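Just below is one structure, and these are the notes that go with it.
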Amino acid sequence: MLSLHINHESLVNQLMAYSSHAMAIVTPEGEWVAANRSLCRMLGYTYEELTALQLEDIVHSEDRWADGKRHDIVEAALEYESLVSEHGLMRKNGSTVWVSLNTMRIIDEGTGSPVLVVLHFTEIQERLELEGRLSRTEKLYQIVVDNTRDLIYQTSEAGVILSASPSLHDLLDYSPEEVVGKEEAMLYHPEDLQPLADCKLQGSARSQFRMRHRDGYDIWFESMVKQLKDSSGSTVIVVIGREITDRKKQEDFIREAQRIALIGSWEWDIDKGEIALSDQLYLIYNLEGNHAKGRLSQLTDLVPSRDRQRFKESIEGALEGENLSFEFRTSTRDGKDQYLHIRGVVVLSDTGIPERMNGTIQDITERKEIERKLQETIERYTSLKKYNHDAIVSLDLEGNIINANKMTEELTGYRLEELIGHSFSSIIGNQDIKSILTHSLEDMSAEQSIDRIYHKDGHVAEVLATIVPIIINSENVGYYIIAKDITEQKRLIIDKEAAESTNKAKSEFLAMMSHEIRTPMNGVIGMTDLLMETTILDTEQRGYLEIIRKSGDTLLTIINDILDFSKIDSGNTELLEEPFDIRGCIFEAVDILSPKAQEKRLEVSFSMSPDLPPVLVGDYQRLKQVLMNLIGNGIKFTNSGSVAISVNKEAHVGNEVKLRFTIKDTGIGIDKEKVQYLFQPFYQLDNFMTRTLEGTGLGLAISKRLVNLMNGEIWLEPTDGPGSTFIFTVILKEIERRNTGIAEHAPLNGQAIQRALRILIAEDNKINQMVLVKMLEKQGHAVRVVENGVDVINLAYTGEYDVIFMDVHMPGMNGLEATAVIKDKLGDNCPIIIAVTANALKGDRELCFAAGMDDYISKPISTRVVFDILRKFFDI
């Protein structure tokens, strides 16, 4: 190991002698031990002069007696191992030098007590002067910050607010103390945080931001964002913002006005050859972003290449003193036409030389479209006027003809040249046309005064005229007269009224015939039923009665067919919309016709698709009528074999069901040449002179019309075998069974009545009285008869009767009126009232129900019908 013997005193002397820093060593009592040359130079003393002074003599008095207390440097140094402080030292020339004093005590290893104090002086005069200047700057900054109306605040690099000006309170209603230490994002609109961050990245930038007031609304500021370094070298961000809300509103107002007007501005600096565009022009030209920094190299770039030469000529004209006004067509990005209008004015220098041109560009596409539509309207009006089937004449306020169309020439016999300038009065019988026109402004009926136009050859055309004022700029400048020649229409109206009168007479005749024929038929059929059920007859007598009953049934069928066809043919048939059981409808039709089939020993079969809905909505009776017509025809024209009926579901869309019915027989069939006549009314396959089967020939015609009313079709299916096959379709609606409302054969009050009924008959015809009384008495009921409405009301009030059979037509008070009175008086305690009427036309059934009747039967009636109607309401 190398052993060194060092003279410590010599080492200390060398360190002090060659150090560039001012140093000294003193004893704990403050006596000088050593002082180097650097310290002597700093204070302007020689070594001998310095060491002759006490340490306290060179320390500025303000440092010795700070706060009114004496401070000793050595005593303070002895208290700490190392101490740093700042002091003012007095130079020999009386000036003060400011130093940073670093003291260090030296400890005796044996005793552990301080034996020396090392003093290290660093001059800080320059730093203090700099700090002084900085302090003054800060004070000035603070004065500005405290008194400015602009917003000033500082943040850290992370966006935490370090300080803020008092103006923050006036502008955003926050005190500086509230925001210091918080994120500056709280002061900004969320959409402006990213632009603020972009400004910070640029180091120094100016932009516009929305800052949020404490109450939640936004205020616009134009702000300068600048990065600075603090004394520690950290980055701070200074934001200085000036409120521009009013300016922004003005800019937005101008921008919005330009947007609404579809107008933008441009400026051409002729010397520099630069063209600047406003923001609105980006929208007009469909440009994106800061396209070419809003500048173009040539003014002609504003128009498409095909128009540039023409535009260049317009620019040259403007530079020579003309106005710049240039329209052109271009295309939008989606390929639609766009029309633009460029205007410009030239600004001259003091010497009269053009130096710049200012102008606007406006999107006039909408105006062009309006002009196009206006032109189209004019052309349409001209065409309407020219080719109209009515005469159109334009008049001035005096009633003189200004213009007219071709139809006016035809209606009057005059050429247009002969009409223009003449009064319209001359062609309407010399009436005062001016008075009529003036009066028409207040009373539209005035135009009825113009009801005829006199032709040049003397004949008169009846017209329907319309007077229309011509209004331009809210001022009446003339009139149009539109005259329709109704000579032919009036003739047609007369013919129509005659036809309607004939139809009305026909309907009244049918109603009368229905009543007059059905009333005696009721006696014929009713008495025949009674005779066959009550009288002991031999074979010959029963045969006679069978012929009478069959003839009556045939006659009734003929009457019903004629009435049905008349109602359907005149459009007076309306289908009912009621829920019913489709299977029951088919069963009933087959059941009614089965006896006729059994007489001829025909097999009648039917099949139904299993997917048929159980309940459908439609007209039960009309569907059954079609089935009975087709099945009846099959039985009528089949002498041996069978008649087969099948029903299938053809389609089901929503709640609508399309059914397909097929009726096939093995009868005589139908000749192909006669198929085209099948569904024509009154047509019969066998000639009336040779035919062996009875009928009106209306069954198929009625069926076709009823099927059509049910949105279906009917046709004869071609077949190679014997017989014929008829097919028809109908569309009905499906509902759930629980909502069907299908009437059940149950007692009215829900309890079975196992007794004879008390029945009141209101009927004025003696034969009909006898027929109905005998039928009811045969069934075991107690019956009483009255002949007018007043008597039936009086007896109904006694409450003794279960049922009233009410004739509709009676002397005095009719059945409808009597029913209304009884229903109103008795309410729920009213007996069952059943209409008995010979009327069977459209509306008769509805009238009965409207009056309050519970059901309806038409004459002639049979024992079976009477029994069924009572069984509907009572368990008998």
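Where a number appears in this text, it was derived from the coordinates with a stated rule and is not lab data. Predicted model, so just to flag it, every value in this text is computed and none were measured. A quick note on method: Cβ atoms are made from the backbone with ideal geometry, for glycine too, and the neighbour counts reach across all protein chains shown.
Taking the Cβ of residue 417 as the centre, find all other residues whose Cβ is under 14 Å away and add up their charges (Lys, Arg: +1; Asp, Glu: -1).
Numbers: positive: 406, 415, 456; negative: 409, 418.
Neighbour charge sum, excluding residue 417 itself: +1.
In debye, nearest 20, what is the charge dipole magnitude of region 758-873 about its Cα centre with +1 on Lys and Arg Cβ and -1 on Asp and Glu Cβ, if you could check?
Details: 13 positive and 16 negative charges, 85 e Å.
Using Cβ point charges on Lys, Arg, Asp and Glu, region 758-873 gives about 400 debye.
Residue by residue, what Karplus-based ³J(HN,Hα) values in Hz, rounded to whole numbers, does region 703-712 have, using 6.51, -1.76 and 1.60 with θ = phi - 60° and x for Gly and Pro?
Each residue's phi maps through the Karplus curve to give 4, 4, 5, 5, 4, 4, 4, 8, 6, x Hz.
Show me the ranking of peptides 616-626, 715-725 by mean Cβ neighbours inside 10 Å, starting with the highest.
Result, highest mean Cβ count within 10 Å first: 616-626, 715-725.
Using each residue's phi in region 635-641, evaluate 6.51 cos²θ - 1.76 cosθ + 1.60 at θ = phi - 60° and report the 3J(HN,Hα) Karplus result to the nearest Hz, with x for Gly and Pro.
Working through the residues one at a time gives 5, 4, 9, 10, 8, 8, x Hz.
Binning every alpha carbon pair distance of region 388-485 at 5 Å from zero, what are the percents per bin?
Taking every Cα pair in region 388-485, the percentages come to 3, 15, 26, 29, 18, 7, 2, 0, 0.
With no solvent and one equal point scatterer per Cα, compute the Debye intensity ratio I(q)/I(0) for region 574-739 at 0.11, 0.17, 0.18 Å⁻¹ and report its log10, rounded to two decimals.
Taken in order of the listed q values, log10 I(q)/I(0) reads -0.45, -1.05, -1.16.
Could I have the simple spin-label model distance between residue 480 and residue 444, label points 7 Å from Cα toward Cβ, reported in nm to one decimal?
For the pair residue 480/residue 444, the computed spacing is 1.6 nm.
At most 13 other Cβ atoms within 10 Å and a DSSP loop assignment: could you name the trypsin sites (Lys or Arg not before Pro) in region 572-611 that fit? Mind dumping the intermediate values first?
Details: sites: 583, 596, 600, 601; in loops: 600, 601.
Sparse-neighbourhood loop trypsin sites (Lys or Arg not before Pro): 600, 601.
Would you mind checking the pairs 774/872; 596/859; 226/249; 596/766; 766/872 and listing those with alpha carbons more than 29 angstrom apart?
596/766
Among the chymotrypsin sites (Phe, Trp or Tyr not before Pro) within region 785-837, which fall in a DSSP loop and have no more than 16 other Cβ atoms within 10 Å of their own Cβ?
Values: sites: 797, 801, 805; in loops: 797, 801.
Passing sites in region 785-837 are 797.
Divide, for region 184-231, the radius of gyration over alpha carbons by 2.2 N^0.38 Å, where N is the residue count. Don't jump to the answer; show the numbers that get you there.
Working: Rg = 11.6 Å, N = 48, 2.2 N^0.38 = 9.6 Å.
Cα-based Rg divided by the globular estimate yields 1.21.
Any aspartates and glutamates with Cα under 18 Å of the residue 600 Cα? List them, leaving off those in the same chain fewer than 8 positions away.
546, 591, 665, 694
Counting other Cβ atoms within 10 Å, which trypsin sites (Lys or Arg not before Pro) in region 385-416 have at most 13 and lie in a DSSP loop?
415
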